[in-house]
2 protein chains.
Amino acid sequence: MSAQPRTARGTRTRARLLAAAEDVFASAGYHDASIVKITEQAGIGLGTFYLYFAGKQEIFDEVVDDLNARVRHAMTEAARAAGTRLEAERAGFRAFFRFTAEHPALYRIIRQAEFVSPAAQRRHYEKIVRSYVHGLAAAQEAGEVRPMDPEVAAWALMGMGELFGMRYILWEAEDRGADGSRVEIPDRVLDELMGIIQRGLAPAPAPADRPREDGSHE
Amino acid sequence: MSAQPRTARGTRTRARLLAAAEDVFASAGYHDASIVKITEQAGIGLGTFYLYFAGKQEIFDEVVDDLNARVRHAMTEAARAAGTRLEAERAGFRAFFRFTAEHPALYRIIRQAEFVSPAAQRRHYEKIVRSYVHGLAAAQEAGEVRPMDPEVAAWALMGMGELFGMRYILWEAEDRGADGSRVEIPDRVLDELMGIIQRGLAPAPAPADRPREDGSHE
DNA sequence: GTTCAACATGAAAGGTGATTCAGGTTACGG
DNA sequence: CCGTAACCTGAATCACCTTTCATGTTGAAC
């Protein structure tokens, strides 16, 4: 069983292991990510690992949950600043793509979770959907989204985001090689995406971009 | 280097290995899928494996390409029978979900390809997108799809399909356990999905379900 | 400045699995 | 009914990894 550290030193060590694990899992994959590699990357002795984690699987689970919390935080934080639902959606997606660009580990690790820790993977997707449903249901009450099952819509949105992140962020970054330039979603692509979402969710016969007129706001 | 079989016997052996590999990769995962397990499942001697494949990675790649060809075939075949674009879309998705239900290996293997064989994974997604783009561009010329980048739309459709397959087929199957009942996409969910797609891609200010009136047809 | 939890360490035990290879077996053309 | 090319086999080799544990170090309370 993993032990929680009891002093500041221990806390630091544990955090270093977690960060190193994220790195190594993302670049080497679960199988090739040996405990030796993780502890080396963390600059920590091999045996120390087992003071804080029961084993490879356990630290993997924690890495997943950690990434999940961070990406959701980035998205909701970005969406919170926006006014209309559409703006919030756009800001949320943009934050998601930015997070993907800065932490390719997210994808690489979630994908592997399919086998390494199906439960953690499921938790990840379900938590994101829950956020979406929350936002969509509110927008629905405000009349900004047509009547529909918000959960189904949430899976649709997440699906689009996931593949766009893969195609337009990760692949793009791979193709550019290590030239350091930050990959961002092209505006053209984000516009098309928002176009589909807007039309797909808008109430009535798709008012396109007409702003709300009753002064209500969220 | 893998050798192609030169006799009927060899061809059969190779095919058995491929089928066994799909099974084992899907149920055990790449790492735990030992060559021993694959050859045992195929009812073939361990050493024989290396007559036909250079190693684990190579047979994995072939399994990916094989699954890809089969799922695309299932989708285009189903779509071919349909009349309008929307019907084709629906039929294609239904075929995809059916294939997913019958071959959970598709997901489990594609996901793992993230690390095992990124190139094969990319090939998989790109080939599917290519099919979609083809169909969407044709529908566009026929005025059934609004002006937009068909490739971007293709990624959006594929993303929705992918997550719906995971959520409403695979997870559902897992939750039901091994009770043998065939998992199908609920009509309610498929309707919602098609609703989003229809509105997202339809020309003009989203005529909802109004059929085309000029008599043109594809 | 002593004491003792808490923390840190890496050699070694105990496993597992990919791949090779030397030696059979099969079956078809002649 | 041979001869031989294609095919088949699994014990043995080699490489690598997780986890344990006996021992050493740190630092904060007193």
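The values are calculated or read from the model by the stated rules, or taken from the named source; none is laboratory data. All values derive from a computational prediction rather than experimental measurement. Cβ sites come from the backbone with ideal geometry, for glycine too, and all protein chains shown count toward neighbours. Calculation scope for accessible area: heavy atoms of the full protein, side chains included, ligands and nucleic acids excluded. Shrake-Rupley method; radii C 1.70, N 1.55, O 1.52, S 1.80 Å.
Only one residue in A:74, A:33 is under 24 Å from residue A:173 (Cβ atoms), within 16 Å of DNA strand C (Cβ to nearest atom) and open to solvent by less than 50 Å² (accessible area, probe 1.4 Å), so which one is that? Let's see the steps before the verdict.
On the way: A:74 fails: within 16 Å of DNA strand C (Cβ to nearest atom).
Every option except A:33 fails the conditions.
Beta carbons closer than 9 Å, at least 6 apart along the sequence or on distinct chains, never pair a first residue in region A:176-195 that is over 11 Å from residue A:97 (Cβ atoms) and not assigned by TED's automatic domain parsing to the domain that holds residue A:99 with a second that is aliphatic (A, V, I, L, M) and open to solvent by 80 Å² or more (accessible area, probe 1.4 Å).
Just one of (1) modelled with pLDDT of 95 or more; (2) not in a loop (DSSP other than H, G, I, E, B) fails for residue B:135. It is (1). Only one of the numbered conditions (1) within 10 Å of the chain's Cα centre (by Cα); (2) open to solvent by 50 Å² or more (accessible area, probe 1.4 Å) is not met by residue A:100, and that is (2). Quick check: anything in region A:39-56 open to solvent by 50 Å² or more (accessible area, probe 1.4 Å) and within 18 Å of residue A:107 (Cβ to Cβ)? No, that holds for no residue. Each residue in region A:175-190 was checked for being in a loop (DSSP other than H, G, I, E, B) and of a type in the set (A, V, I, L, M), and 3 pass. Restricting B:114, B:87 to those that are of a type outside the set (A, V, I, L, M, F, W, C), over 12 Å from residue B:65 (Cα atoms) and facing another protein chain (nearest Cβ under 10 Å) reduces the list to B:114.
Of all positions in region A:44-56, at least one carries a residue that is away from chain B (no Cβ under 14 Å), touching a residue at least 40 places away in the same chain (Cβ under 8 Å) and near DNA strand C (Cβ under 10 Å from one of its atoms). Taking region B:3-19 as the range and being within 9 Å of DNA strand D (Cβ to nearest atom), among the small types (Gly, Ala, Ser) and exposed (fewer than 15 other Cβ atoms within 10 Å of the Cβ) as the test, the residues that pass are B:3, B:8.
Within this structure, residue A:87 fails the test of being open to solvent by 60 Å² or more (accessible area, probe 1.4 Å), within 12 Å of DNA strand D (Cβ to nearest atom) and farther than 23 Å from residue A:170 by Cα. Scanning region A:1-19 for residues that are away from DNA strand C (no atom under 12 Å from the Cβ) and part of a helix (DSSP H, G or I) returns A:18, A:19. Pairs linking a residue in region B:93-106 that is over 17 Å from residue B:77 (Cα atoms) to a residue that is in a helix (DSSP H, G or I) and of a type in the set (D, E, K, R), with Cβ atoms under 7 Å and 6 or more positions apart or on different chains, are B:105/B:22. Could you tell me whether any residue of region A:62-69 is in a helix (DSSP H, G or I), within 14 Å of DNA strand C (Cβ to nearest atom) and under 23 Å from residue A:121 (Cα atoms)? Checking region A:62-69: not a single residue is in a helix (DSSP H, G or I), within 14 Å of DNA strand C (Cβ to nearest atom) and under 23 Å from residue A:121 (Cα atoms). Just to verify a result, which residue in region A:166-208, among those that are within 20 Å of the chain's Cα centre (by Cα) and at the interface with another protein chain (Cβ under 9 Å from one of its Cβ atoms), is most open to solvent (accessible area, probe 1.4 Å)? The selected residue is A:174.
Taking the numbered list (1) more than 15 Å from DNA strand C (Cβ to nearest atom); (2) open to solvent by 40 Å² or more (accessible area, probe 1.4 Å); (3) of a type in the set (D, E, K, R) in turn, residue A:22 passes all entries but (2).
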